[in-house]
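Structure first, commentary second.
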Amino acid sequence: MPSINKEEFKILLVEDDTFVKDLYVRTLTKRGYQVLIAEDGEAGLEVLRENLDKVGLVLLDIMMPKKNGIDALKDMAAEGMTEKTTVVLLTNLGQESIIKEAFNIGAKGYMLKARLLPREIADQIDEFFETGVFPANDRNGL
């Protein structure tokens, strides 16, 4: 898969924790990324619907109010969005069964927040935008 232009495409961060959200937005914008944010799965779906042609990567938390990440991912897949952008779980929930379910639905990667520093997450995102493929998931400890 060809590289993805990070100046052309944006990252959608779907995260309900304000501290975590601010930390990742700050880290990613320092790397030159444009970041859209949503505070729950419902808002994430709406932002993605409005910006699908501009979003190159969705970072999706699992445990959120209103609509959790798995349900939001199911809706994204049902609407064909997972064919047009890459969805990666960014979560503290490392249960293998949930991660396998997410991959079966259409997620292309996962990162466990508790095991990776923000700069390490940004490094993996850099690699994704350079190669068009999300880094090997076994690096993340599952």
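The values are calculated or read from the model by the stated rules, or taken from the named source; none is laboratory data. Because the structure is a prediction, the values reported are computed rather than measured. FYI the Cβ positions are ideal-geometry reconstructions off the backbone, even for glycines, and counts take in every protein chain you see.
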So in segment 1-19, with the set limited to residues that are of a type in the set (D, E, K, R) and surrounded by 15 or more Cβ atoms within 10 Å (Cβ to Cβ), which one is modelled with the lowest pLDDT? LYS6
Only one of ASP61, ASP75, ASP53, ASP71 that is under 23 Å from ARG26 (Cα atoms) and acidic (Asp, Glu): ASP61
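A quick yes/no check of all residues on (1) in contact with a strand residue (DSSP E or B) (Cβ under 8 Å, 6 or more places away or on another chain); (2) more than 15 Å from LEU48 (Cα to Cα):
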{"position": "LEU59", "(1), (2)": "yes, no"}
{"position": "MET63", "(1), (2)": "yes, yes"}
{"position": "ALA77", "(1), (2)": "no, no"}
{"position": "VAL87", "(1), (2)": "yes, no"}
Show me the strands (runs of 3 or more DSSP E) entirely contained within segment 24-142 in which 3 or more residues are among the polar types (S, T, N, Q) and closer than 14 Å to LYS10 by Cβ. none
Considering only residues that are within 18 Å of ILE121 (Cβ to Cβ), exposed (fewer than 14 other Cβ atoms within 10 Å of the Cβ) and at pLDDT 95 or above, which ones fall in segment 42-86? none
With (1) more than 14 Å from the chain's Cα centre (by Cα); (2) exposed (fewer than 15 other Cβ atoms within 10 Å of the Cβ); (3) of a type outside the set (Phe, Trp, Tyr) as the list, and ASN92 as the residue in question, which single condition is left unmet? (1)
Determine the pairs where a residue that is at negative phi, located within segment 68-90, has a partner that is of a type in the set (S, T, N, Q) with Cβ atoms under 6 Å apart, the partner being 6 or more residues away or on another chain. MET76/THR82
